[in-house]
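Have a look at the structure below, then the notes.
The values are calculated or read from the model by the stated rules, or taken from the named source; none is laboratory data. Remember, predicted model here, so these are calculated numbers, not experimental data. Note: ideal-geometry Cβ built from the backbone for every residue, glycine included; neighbour counts use all protein chains shown.
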Amino acid sequence: MAQQLVKKDDDRDDEAEYSPFMGIEKGAVLQEARVFNDPQLDARRCSQVITKLLYLLNQGETFTKTEATEVFFAVTKLFQSRDMGLRRMVYLMIKEISPSADEVIIVTSSLMKDMNSKIDMYRANAIRVLCRITDGTLLAQIERYLKQAIVDKNPVVASAALVSGIHLLQTNPEIVKRWSNEVQEAVQSRAALVQFHALGLLHQIRQNDRLAVSKLVTSLTKGTVRSPLAQCLLIRYTSQVIRESGNNTQSGDRPFYDYLESCLRHKSEMVIFEAARAITELNGVTSRELTPAITVLQLFLSSSKPVLRFAAVRTLNKVAMTHPTSVTNCNIDMESLISDQNRSIATLAITTLLKTGNESSVDRLMKQITNFMSDIADEFKIVVVEAIRSLCQKFPLKYRSLMNFLSNILREEGGFEYKKAIVDSIVILIREIPDAKETGLLHLCEFIEDCEFTYLSTQILHFLGIEGPKTSDPSRYIRFIYNRVHLENATVRAGAVSTLAKFGAAVDELKPRIFVLLRRCLFDSDDEVRDRATLYLNTLGGDGSVVETDKAVKDFLFGPFDIPLVNLETSLKNYEPSEEAFDIDSVPKEVKSQSLAEKKAPGKKPTGLGAPPSGPPSTADAYQKILSSIPEFANFGNLFKSSAPVELTEAETEYAVNVVKHIFDRHVVFQYNCTNTIPEQLLENVIVIVDSSEADEFAEVFSKPLKSLPYDSPGQIFVAFEKPEGAPTLGKFSNVLKFIVREVDPTTGEAEDDGVEDEYQLEDLEIVSADYTLKVAVSNFRNAWESMGPDCERVDEYGLGPRESLAEAVNTVINLLGLQPCEGTEVVPPNSRSHTCLLSGVYIGNVKVLVRLSFGLDGPKDVAMKLTVRSDDETVSDAIHEIVASG
Amino acid sequence: MASNGLCPSIKNILLLDSEGKRVAVKYYSDDWPTNSSKVAFEKFVFSKTVKTNARTEAEITLLENNIIVYKFVQDLHFFVTGGDDENELILASVLQGFFDAVTLLLRNNVDKSEALENLDLILLCLDEIVDGGIILETNGPLIAEKVTSHNMDADAPLSEQTLTQAWATARDTFTRTLLT
């Protein structure tokens, strides 16, 4: 800010930098605006004042409500003037002030007069202003004029009306939709831009009607479209139609492909590019279809215009991700772009080359990149680093030169994000390429010797602790780690202590030396560092005896921590100090999610105590609280899982009921959340009659009715069942709501004395396999998978039959199993033919389960799946397979 | 204007001076809700582009998921911003239209002081190019004609305008001598 002020002073000194708005001040200009009220208007003067006001607004000045109102009223006086220049400024001013609804009325009649003026410029501008400030009721009044304007012979007027229509469609769709005939006529207009605007509006009016859009595209692709912009629009609509019609790919003839291809020969570059881009983005595009598009993009690469080169290289870069071979033809042109003046273009060219390059060209490319890295911005460097990472995964044999490159750039100057990208890449290489491990770890060690980012240091130390002990000579890392204890801040020191301890726990030969080092840390100035050192010394047996650290201690110190911290926090808060120690196993492991139930919950106003069960309680501990308040459920033990609410009634019925399934080890409790939506009724003695004839392993043990259910105040009914212990028993239940109805006088709120017995059929309810699995995420699936070991692994293959898409098949299996997808693997990239999905969770009986699903497309639509399950108990692994086999 | 469907849409048009300060700007999207976020965006864009040479051909870059095409003349920097899935050439045509129109309106004297002297024309010009994010016109001469058409209807458009200019300059010089 200070700098800015200084600069302003400079301007003032510098006579050449004279501005007509120098020293302009809001108050003074508002004073000047009084000339708008003069009986004899000076149009030129008024224009100047409006310009000044607009200048102030444009510089970010704001008017208070009163100031804006005053200006607005003053400006409306100017409609008296016949000066056209002034009128244009008045229009601008009204749009900038955007008057409130009650003020709009003042100008409406003036603007409507202008809308019907003989002067085209007035008509066009008045339409745009009026539509900008109008509301629904006013719109109905001017609708007639707007319809006329759409087919006006003056293109500016027609465009103004059409563009306003596009904006109004957002707020008043029902009115704009009535203009369809006029808009259709305008599509045939001879004026280029009118056609563009009409096409845009017509498509938006019809966008929900696939057939109509398809017809529109069919007729226009055969007809004449005049402006390049309209042609671009038509290309977009065409690709939308292709996308939605889908699935004709195997026949080889894609509808409308010929049209797109013909657009590649259009005279306007804008259209050529739009068509080429559309072709590259087609779903499941074949290389034959790609070829003509790639050819025109290749021509653009050597254009003199940076915009064209950028557009082309950016599109080719995207294509290279899915069809690298199709892009290789452009490699020569691409290589000349590495030295492009425009750094965005150069970066895109490099990363494209990295994607399309083959193993032999890697070394040459790396050399070129090294020269180029020093003079690009950090954000581009990150793009390059990411490209190199994927290159390394593609050509593992080349890891040496790529690792060298990464370690070199790691030593150079750079910001946090850049360094983090490099470190992440090295970590990935170490994980994926065993040969690269030792050199990679040493590079990281060197880096933390001189690293200014605490976050990166601690991350690397943590990683060293995991990977270091597994190397051939773990002792060589100790020096680097212990140096941290001397030289760094407390956070890094604490991290280093933990890493040392990990080495000590894993490598017995190192134990004595580690203990010596840890003991030195006991005198650290920071308490966290001291605490950690003490903890490790005591648990690892630092009293001198060199014993093998037992597994329980290792698990405790370094095992995965799979309890969500939020849950741990609430559990600790609820824990009251007593004889009984805090039991970490009692902490619920389910990740709290703001489920749909909350949004859908019946009864929007919470009414006292009755409300919480149907409102916020999507969280496990809220359920736990309700259930523990009912004595009959006290001996059921720990709640394993509560399902999301399942609606048992259609929306908008007399009584809204949904059910939550609470699963215990030996019991199942149904919690029916009921809402009475009829103001004239009071329900009493409400019970749910559950017929479990299709669930023969379940036996009803208890039912808790609801005494009364007044209008709009939700209540709960509980029904409990016994089931075989720990078993994933399945079943189907039919439900009937039974109650006594008493009529209520809505005016007095009093209920009649005598009620009538009645019942209400609810939908059926099922206990499915997914009810017995908990979604529990693991932070590092690979580690968890490896530490679980293949002892209880079960593998099998399944044919899933024809499916709509790979993504649909993946989702179905995830929902069936009710496990947590890890590392974003639930998302299937478009066009992929195979996909691997990782799931984790806990099965009833607190057994951890990890699942690896490999999907593949077999034929055009048939999906095949390989299911690998690991858990601590082979019966559980089998049970998971059974879920899939029976689902 | 978030939901213009598949219609090409413009997020903003900026005209900045050689220090990155506003001459005239117009925003059509809600991506920058406050004035300070707008100013921050302008500063950012300016600093990222100022060292490039965009004087002969329009240049282009991708910043924070926005495509920005730009062109510099004298001490004026022209920018047009669109989303990252927008057709770059459409944005470039808007930039060219704006640039051509301003060149015509300022009678080839395209610099900051001339632009500020004729700020009314620049603002009208912005108003005629894009309406609420939707492209109205990209042909420079047509845009310029629309901006000046009120003078076209008058008797002597060109001389009239020069007279206005002359008068304004005279007045400004006068006030300036008074102030100093």
### Task
With the condition kept exactly as written, say whether any residue in the range A:376-389 is over 25 Å from the mean Cα position of the chain (by Cα), within 26 Å of B:Phe44 (Cβ to Cβ), within 14 Å of chain B (Cβ to nearest Cβ) and outside any helix (DSSP H, G or I).
yes
### Task
Those residues that are polar (S, T, N, Q) and part of a loop (DSSP other than H, G, I, E, B), I need them from the range A:498-529; list them, please.
A:Ser525
### Task
Please go through the range A:46-68 and pick out each residue that is without any contact (Cβ under 8 Å) to a residue 12 or more places away in the chain and either loosely packed, with under 13 Cβ neighbours inside 10 Å or away from every other protein chain (no Cβ under 11 Å) (or both).
A:Thr62, A:Thr64, A:Lys65, A:Thr66
## Note on the structure
Matching residues in the range A:181-204 (outside any helix (DSSP H, G or I) and either at pLDDT 90 or above or polar (S, T, N, Q) (or both)) number 2
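Among the candidates A:Leu850, A:Leu839, A:Leu857, single out the residue that is in contact with a Cys (Cβ under 8 Å, 6 or more places away or on another chain) and assigned to a strand (DSSP E or B).
On the way: A:Leu850 fails: in contact with a Cys (Cβ under 8 Å, 6 or more places away or on another chain); A:Leu857 fails: in contact with a Cys (Cβ under 8 Å, 6 or more places away or on another chain).
So the residue among A:Leu850, A:Leu839, A:Leu857 that is in contact with a Cys (Cβ under 8 Å, 6 or more places away or on another chain) and assigned to a strand (DSSP E or B) is A:Leu839.
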### Summary
Exactly one of B:Leu89, B:Leu104, B:Leu62, B:Leu124 is surrounded by fewer than 20 Cβ atoms within 10 Å (Cβ to Cβ), within 9 Å of chain A (Cβ to nearest Cβ) and not in a loop (DSSP other than H, G, I, E, B), and that one is B:Leu62
### Message
When you check A:His443 against the structure, is it farther than 21 Å from A:Val529 by Cβ and assigned to a helix (DSSP H, G or I), yes or no?
### Response
yes
### Task
Check A:Thr773, A:Thr729 and return the single one that is farther than 24 Å from A:Ile678 by Cβ and under 36 Å from the mean Cα position of the chain (by Cα).
A:Thr773
### Task
Scan A:Val163, A:Val157 and give me the residue that is on the phi < 0 side of the Ramachandran plot, more than 10 Å from chain B (Cβ to nearest Cβ), at pLDDT 90 or above and surrounded by 18 or more Cβ atoms within 10 Å (Cβ to Cβ).
A:Val157
### Task
Residues that are closer than 24 Å to A:Ser643 by Cα and touching a Leu at 6+ places or on another chain (Cβ under 9 Å): find the strands (runs of 3 or more DSSP E) completely inside the range A:670-778 holding 3 or more of those.
A:681-694, A:715-722, A:731-743, A:765-767, A:773-775
### Task
Determine, yes or no, whether B:Lys71 is within 25 Å of B:Glu128 (Cβ to Cβ), among the basic types (Lys, Arg), within 8 Å of chain A (Cβ to nearest Cβ) and touching a Phe, Trp or Tyr at 6+ places or on another chain (Cβ under 6 Å).
no
### Message
Against the conditions (1) touching a Ser or Thr at 6+ places or on another chain (Cβ under 6 Å); (2) surrounded by fewer than 17 Cβ atoms within 10 Å (Cβ to Cβ); (3) not basic (Lys, Arg), where does A:Phe196 fall short? Just the number, please.
### Response
(2)
### Task
Show the residue pairs that are 6+ apart or on different chains and have beta-carbon atoms under 8 Å apart, the first residue being within the range A:350-376 and assigned by TED's automatic domain parsing to the domain that holds A:Gly415, the second being modelled with pLDDT under 80 and assigned to a loop (DSSP other than H, G, I, E, B).
A:Leu365/A:Gly357
### Query
Do we find a residue being under 19 Å from B:Ile135 (Cα atoms) and part of a helix (DSSP H, G or I) anywhere in the range A:134-143?
no
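Based on this model, can you work out whether A:Asn673 counts as surrounded by 13 or more Cβ atoms within 10 Å (Cβ to Cβ), among the polar types (S, T, N, Q) and either in contact (Cβ under 8 Å) with a residue 12 or more places away in the chain or more than 26 Å from A:Tyr772 (Cβ to Cβ) (or both)?
yes
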### Task
Give the residue, chosen from A:Arg82, A:Arg87, A:Arg178, A:Arg128, that is among the charged types (D, E, K, R), more than 10 Å from chain B (Cβ to nearest Cβ) and in a helix (DSSP H, G or I).
A:Arg178
### Task
Kindly indicate whether A:Val213 is at pLDDT 90 or above and either β-branched (Val, Ile, Thr) or assigned by TED's automatic domain parsing to the domain that holds A:Lys861 (or both).
no
### Task
For the range A:225-254, enumerate the residues that are modelled with pLDDT of 90 or more, under 16 Å from A:Ala191 (Cα atoms) and polar (S, T, N, Q).
A:Gln231
#### Entry: Scope the range A:720-757; condition out of contact with any strand residue (DSSP E or B) (no Cβ under 6 Å at 6 or more places or on another chain) and either farther than 23 Å from A:Thr875 by Cβ or not assigned by TED's automatic domain parsing to the domain that holds A:Ile687 (or both); matching residues
A:Glu743, A:Asp745, A:Pro746, A:Thr747, A:Thr748, A:Gly749, A:Glu750, A:Asp753, A:Asp754
### Task
Test B:Ser37 against the stated conditions and say whether it is facing chain A (nearest Cβ under 10 Å), out of contact with any strand residue (DSSP E or B) (no Cβ under 6 Å at 6 or more places or on another chain) and among the small types (Gly, Ala, Ser).
no
### Task
Only one of these is crowded, with 18+ Cβ neighbours inside 10 Å and within 22 Å of A:Arg128 (Cβ to Cβ): A:Leu78, A:Leu30. Name it.
A:Leu78
### Query
Quick one: in the range A:697-728, which of the residues that are among the β-branched types (Val, Ile, Thr) and buried (at least 20 other Cβ atoms within 10 Å of the Cβ) is farthest from A:Pro746 (Cα to Cα)?
A:Val719
### Task
Among what's in the range A:121-144 and is surrounded by fewer than 17 Cβ atoms within 10 Å (Cβ to Cβ) and more than 24 Å from A:Phe63 (Cβ to Cβ), pick the residue that is modelled with the lowest pLDDT.
A:Gly136
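Got at least one residue in the range A:27-47 being of a type outside the set (Asp, Glu), under 30 Å from B:Ile135 (Cβ atoms) and out of contact with any His (no Cβ under 9 Å at 6 or more places or on another chain)? Before you say what the answer is, go through the steps one by one.
Step one: filter the range A:27-47 for residues of a type outside the set (Asp, Glu), giving A:27-31, A:33-37, A:39-41, A:43-47.
Filter again for under 30 Å from B:Ile135 (Cβ atoms), leaving A:47.
Checking which are out of contact with any His (no Cβ under 9 Å at 6 or more places or on another chain) leaves us with A:47.
Yes.
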## Note on the structure
Among (1) under 24 Å from A:Thr325 (Cβ atoms); (2) modelled with pLDDT of 90 or more; (3) among the small types (Gly, Ala, Ser), A:Gly284 falls short only on (2)
### Task
Residue by residue through the range A:271-296, note down the ones that are among the aliphatic types (A, V, I, L, M) and either touching a Phe, Trp or Tyr at 6+ places or on another chain (Cβ under 7 Å) or within 12 Å of chain B (Cβ to nearest Cβ) (or both).
A:Val271, A:Ile272, A:Ala275, A:Ala276, A:Ala278
### Members of the range B:42-59 found to be under 17 Å from the mean Cα position of the chain (by Cα), more than 10 Å from every other protein chain (Cβ to nearest Cβ) and free of Cβ contacts under 8 Å to residues at least 24 places away in the same chain, listed by number
B:Lys43, B:Arg55
### Query
In the set A:Leu410, A:Leu444, A:Leu365, A:Leu456, which member is of a type outside the set (Ser, Thr, Tyr), more than 14 Å from chain B (Cβ to nearest Cβ) and buried (at least 22 other Cβ atoms within 10 Å of the Cβ)?
A:Leu444
